[in-house]
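Asker: Okay, handing you the structure first.
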Amino acid sequence: MGKYEMDFEKYKKAVEKVIQRFADRGWEEIRVEEIWFETSLPVDLILEVINQGISIPSEVNSITHGGKVVWKKEEQEI
């Protein structure tokens, strides 16, 4: 891994863990700002990790940022 390359795997695990905690509390919609508050990771990094693909519990229907949908459960999953 080069000097400036990032290991997204550890960030992916951190974001997934927080999303799972929210799902366990019954949250169906999660805001990126809430993930940021829990992890202290930069918002841009959280968005990049979500865009690269993460495991999202079935209880979660959507993830939003600034009023825009970043991730939404596919219709056949609902």
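Asker: Given the structure, is Val69 without any contact (Cβ under 8 Å) to a residue 12 or more places away in the chain and in contact with a strand residue (DSSP E or B) (Cβ under 7 Å, 6 or more places away or on another chain)?
Answerer: Considered against the rule, which asks whether it is without any contact (Cβ under 8 Å) to a residue 12 or more places away in the chain and in contact with a strand residue (DSSP E or B) (Cβ under 7 Å, 6 or more places away or on another chain), Val69 comes out as yes.
Asker: If you don't mind, there's one more thing I want to ask. Can you list residue pairs whose Cβ atoms sit under 6 Å apart, with the first residue in the range 9-28 being farther than 14 Å from Ile50 by Cβ and the second being among the β-branched types (Val, Ile, Thr)? Count only pairs 6 or more apart in sequence or on different chains.
Answerer: Listed by first residue and then by second, the contacts come to Ala23/Val60.
Computed from the coordinates by the stated procedures, all read-outs in this text should not be read as laboratory data. Every value quoted in this text rests on a predicted model; they were computed, and no experiment measured them. Neighbour counts run over all protein chains shown; Cβ positions are idealised from the backbone, glycine included.
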